[in-house]
Amino acid sequence: MAVALTLSALAAAVVAAFAAHWLPPFLAALAGVFVAVPLILFGARHLSRPWVRVVSAVRDGIQSLRDHDFSLSIARTEDAELDALTQAYNSLGELLRRERLDLYQRELLLDTVMQSSPLAMVLSDAGGRVVYSNVAARALLNAGRKLEGLALQGLLEASPAALRAALGSGGDTLFTMAVAGEPEVYHLSQRRFFLNARAHQLLLLKQLTRELAAQELAVWKKVIRVIAHELNNSLAPITSLAHSGRLLARAPDPEQLERVFATIAERAAHLATFIEGYGRFAKLPRPRRHAVTWPQLLARLEGTFAHRVLGALPGRSAELDAGQIEQVLINLLKNAAESGSAPSEVTLAIHDEGSGFRLEVADRGSGLTEATLRDALLPFYSTKATGTGLGLTLCREIVEAHGGRLSLANRAAGGALVTVWLP
């Protein structure tokens with residue numbers, strides 16, 4: 001292309017020299033202009049043609065990228081600068097092709113996982129239209145048919161009332177609804193978030209019937225083992241002592257008979273206490289709340305287990321079932337007293353946090369092992385030889401029935417801390 005421009009300039013120079021020799025100066029100059037300008041323009045056109053072609057190709061390529069078509073590439077040229085431009089564009093297109101392929105593979109993997117999940121998932125937009133669902137959701141809500149594009153409200157109107165009530169709670173909840181004529185337990189999670197600056201709602205439904213049934217069976221097996229163990233521990237010595245009493249009756253020995261009857265009475269009393277504990281746990285009534293001042297409540301703890309009250313008591317009264325919360329505190333103080341802590345180190349503190357009250361029972365005993373921290377609130381778990389494993393479980397049931405929570409922790413300098421929060 002540079003050669004074409006050079007030849008054009010040379011031809012213009014020859015024509016100008018010829019005109020200067022044969023024509024007057026004015027006409028020679030005019031002739032040179034008329035001849036040189038077209039020749040130079042002709043050479044410049046040949047020189048700029050590759051730039052025009054490459055720029056046009058890059059323009060078309062950018063439009064393809066805008067249309068998400070990354071397959072277009074530009075042929076290389078002999079011009080070094082143009083070749084660098086085409087290589088830069090081609091490498092950009094190749095990078096975008098690879099990234100789109102990787103993104104597609106990740107999306108395919110994620111969709112495969114979500115479609116294979118037993119968790120029913122429904123994603124709806126701000127207009128209440130379903131934009132995504134998986135196989136489990138379609139089977140649960142629309143007999144396996146497609147949900148995308150349908151109004152979520154319309155789907156829910158045809159769903160069981162239990163599901164609609166659970167959604168109306170606005171949060172996570174457990175509920176039971178009939179599926180194919182059988183009661184099924186589900187856990188519902190609801191999340192709201194922004195996607196591409198637009199509000200969306202995600203519903204997650206997990207069937208828990210099998211898991212709960214398995215846990216219920218495990219609990220029943222443990223209950224049977226605990227009851228059988230306790231009954232055997234009491235009935236075996238009673239049976240043996242009854243036989244001994246029968247032998248003593250033939251040759252009466254008042255002292256021996258008194259020891260036999262005392263032991264039988266002691267084992268019978270233990271068995272009665274054990275059964276009473278189970279009955280109290282099974283028949284726990286709903287709390288009957290009324291206003292109670294903290295000095296009144298703590299006065300009911302006098303004479304139970306030695307402890308110190310730390311700090312001033314809140315001046316604000318609490319709405320609670322005084323009898324049930326008293327039982328919670330007695331159980332916690334009993335555990336603290338049996339931890340090996342000195343009586344003076346067993347403390348009770350009550351703090352007013354505005355939205356509720358925080359009760360803390362602390363001791364300086366041996367503390368809690370990792371297994372105890374994990375399992376202490378489970379029914380029938382006990383580290384005591386004669387424990388029923390219902391004390392802390394009963395405390396948790398009472399606290400949660402009040403809308404509160406109970407937690408266990410070890411203290412930094414030794415001992416345990418039980419925290420109860422009540423609204």
Gyration tensor (alpha-carbon) shape descriptor, the range 127-203, a/c threshold 1.5: oblate
Probe 1.4 Å, all protein chains present, accessible-area order of 220, 51, 294, largest first: 220, 51, 294
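Taking a 1.4 Å probe, which of 258, 345 shows the most accessible area, and what order do the others take after it?
These residues rank, largest area first, as 258, 345.
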Label-point separation, residue 225 to residue 405 (7 Å along Cα→Cβ), nm: 3.0 nm
Residue 419 versus residue 66: modelled label distance in nm, points set 7 Å from Cα along the beta carbon direction: 5.8 nm
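Roll a 1.4 Å probe over the protein chains and send me the accessible area per residue for the range 291-352 in Å².
Ligands and nucleic acids excluded, the result is 46 Å² per residue.
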Candidate aspartates and glutamates - alpha carbon under 14 Å from residue 206, same-chain residues fewer than 8 apart omitted: 172, 184
Apportionment of accessible area to carbon and sulfur, the range 318-363, percent (1.4 Å): 48 percent
Apportionment of accessible area to carbon and sulfur, the range 127-231, percent (1.4 Å): 59 percent
Residues residue 249 and residue 412, FRET efficiency given R0 of 60 Å [Cβ-Cβ distance, rounded to 0.05]: 0.45
Length gained when the stretch residue 313-residue 259 is fully extended (0.36 nm per residue, less Cα-Cα span): 14.5 nm
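Using 0.36 nm times the number of residues separating residue 304 and residue 371, minus their current alpha carbon distance, what extension gain do you get?
21.2 nm
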Nearest-10 value in Å² for the accessible area of residue 405, using the 1.4 Å probe: 150 Å²
Where 259, 364 fall by accessible area, highest first, once all protein chains stay in place (1.4 Å): 259, 364
The range 47-186 - accessible surface per residue (Å², probe 1.4 Å): 62 Å²
Accessible area of residue 355 in the full protein assembly, 1.4 Å probe (Å², nearest 10): 90 Å²
Probe 1.4 Å - accessible area at residue 224, Å² to nearest ten: 110 Å²
Spin-label proximity, residue 53 to the range 63-86 - amide N less than 13 Å from point 7 Å beyond Cα toward beta carbon: 74-79, 82-83
Dimensionless Rg ratio for the range 289-354, taking C-alpha atoms and the 2.2 N^0.38 Å reference: 1.13
Highest average packing first - 75-82, 134-141, Cβ atoms within 10 Å: 134-141, 75-82
Full-extension gain in nm, residue 196 to residue 208, via 0.36 nm per residue minus C-alpha separation: 1.0 nm
For the range 183-274: rounded, prolate or oblate by the Cα gyration tensor [a/c cutoff 1.5]: prolate
Of every Cα-Cα pair in the range 96-242, the percent that sits beyond 26 Å: 44 percent
Label point distance in nm, residue 96-residue 215, each placed 7 Å from Cα along Cα→Cβ: 5.2 nm
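The values are calculated or read from the model by the stated rules, or taken from the named source; none is laboratory data. Here the structure is a predicted model, which is why all the values come from computation and not from measurement. Neighbour counts are summed over all protein chains in view; Cβ atoms, including those assigned to glycine, are modelled from backbone coordinates with ideal geometry. Please note that ligands, DNA and RNA were not included when accessible areas were found on the heavy atoms of the full protein model with its side chains. Shrake-Rupley method; radii C 1.70, N 1.55, O 1.52, S 1.80 Å.
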